[in-house]
Amino acid sequence: MTSRVTFISPATNPSLRQARFDDSRTPLDDAGRAQARAAAGTLRPADRVVSSPGVRCRETAAALGLADAEEVAELAGLGVGRWRGRTLDEVSAAEPDAVAQWLADPASAPPHDGESVQALCLRIGRWLDSMGEVDGRTVAVVEPDVVRAVVVRVLGAPVAAFWRADVAPLTATEISGRSGRWNLRMGHPLGPHAIGS
């Protein structure tokens, strides 16, 4: 049995362009929607399609022609509490010590009253463990921080490596494996000949 999961990061929207904390409630902009529509049909057929619950992920899935994507709560982006919708610059200006601690220690209690980076990585790790028992191909349209957590888990990297993985909009990160041992292929832009080659 081999499980294959292709994680697709959402297309652009104003919040992604401005690097706002988990403002997944903001819809795609016209450019992002057009880019996702242009990539429709480039993914190999999947046995199941899932999505983070945020608006931009659901809209990306629909624009890619994956309108039947099931929302999976476990695939939600990092819960950033009261920082949601604010930029890193705004939060750093208002709470420099809190931001410094949050970036330095992914296991620390989150100053924003949300979820720690370590908690996100553990949550995504549990979901990946369950996928190791699922045969076939899954496409998951997920927030960029979910992709970061996947990379940390698959590589067995320390949680601090979370901040070292950049995830571009509308790219694919693929994992495949058996019994929880995953192989990683990352950062492929969506488009003709890009996925599943």
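The values are calculated or read from the model by the stated rules, or taken from the named source; none is laboratory data. For clarity, every value in this text was computed on a predicted model and none was experimentally measured. Using ideal geometry, Cβ is built from the backbone for each residue, glycine included, and neighbour counts are taken over all protein chains shown. Protein only, heavy atoms only, side chains kept; ligands, DNA and RNA dropped before computing areas. Shrake-Rupley method; radii C 1.70, N 1.55, O 1.52, S 1.80 Å.
At 25 °C and 0.890 mPa s, grab the translational diffusion coefficient of the chain from Stokes-Einstein with a Kirkwood Rh over Cα pairs, rounded to a whole number in µm² per second. The partial results should precede the final answer.
Values: Rh = 16.9 Å.
The calculation lands on 145 µm²/s.
So, with a 1.4 angstrom probe, what is the percent of accessible area on the chain that is carbon and sulfur? Don't jump to the answer; show the numbers that get you there.
Numbers: 4570 of 9070 Å².
Carbon plus sulfur share of accessible area: 50 percent.
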Residue-normalised 222 nm signal for the chain, counting each DSSP H run of n ≥ 4 as -39,500 (n - 2.57), nearest 500 deg cm²/dmol, is -9500 deg cm²/dmol
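Magnitude of the Cβ-charge dipole of the range 1-60, K/R +1 and D/E -1, about the Cα centre, nearest 20 debye? Walk me through the intermediate numbers first.
On the way: 10 positive and 6 negative charges, 25 e Å.
Dipole size: approximately 120 debye.
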Return the distance in nm (one decimal) between the two label points of a simple spin-label model at R25 and R126, each offset 7 Å from Cα along Cα→Cβ. 2.5 nm
Report ³J(HN,Hα) in whole Hz for each residue of the range 68-82, in order, from the Karplus equation J = 6.51 cos²θ - 1.76 cosθ + 1.60 where θ = phi - 60°; Gly and Pro get x. 8, 4, 8, 6, 10, 4, 5, 9, 5, x, 4, x, 10, x, 6
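According to the square roots a ≥ b ≥ c of the eigenvalues of the Cα gyration tensor, what is the shape class of the range 20-86, taking rounded for a/c under 1.5, prolate for a/b larger than b/c otherwise, and oblate for the remainder?
Working: a/c = 3.19, a/b = 1.46, b/c = 2.18.
Oblate shape, in that a/c is at least 1.5 and b/c is the bigger or equal ratio.
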Per the charge dipole of the range 1-120 (beta-carbon charges, Lys/Arg positive, Asp/Glu negative, Cα centre), the residue among A39, W83, A73 reaching farthest to the positive end is A39
Arrange the peptides 86-96, 54-64 so that the one whose residues have, on average, the most other Cβ atoms within 10 Å appears first. 54-64, 86-96
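Keeping every protein chain present and rolling a 1.4 Å probe, give me the accessible area per residue for the range 25-65 in Å².
On the way: 1930 Å² over 41 residues.
With all protein chains present, the range 25-65 gives 47 Å² per residue.
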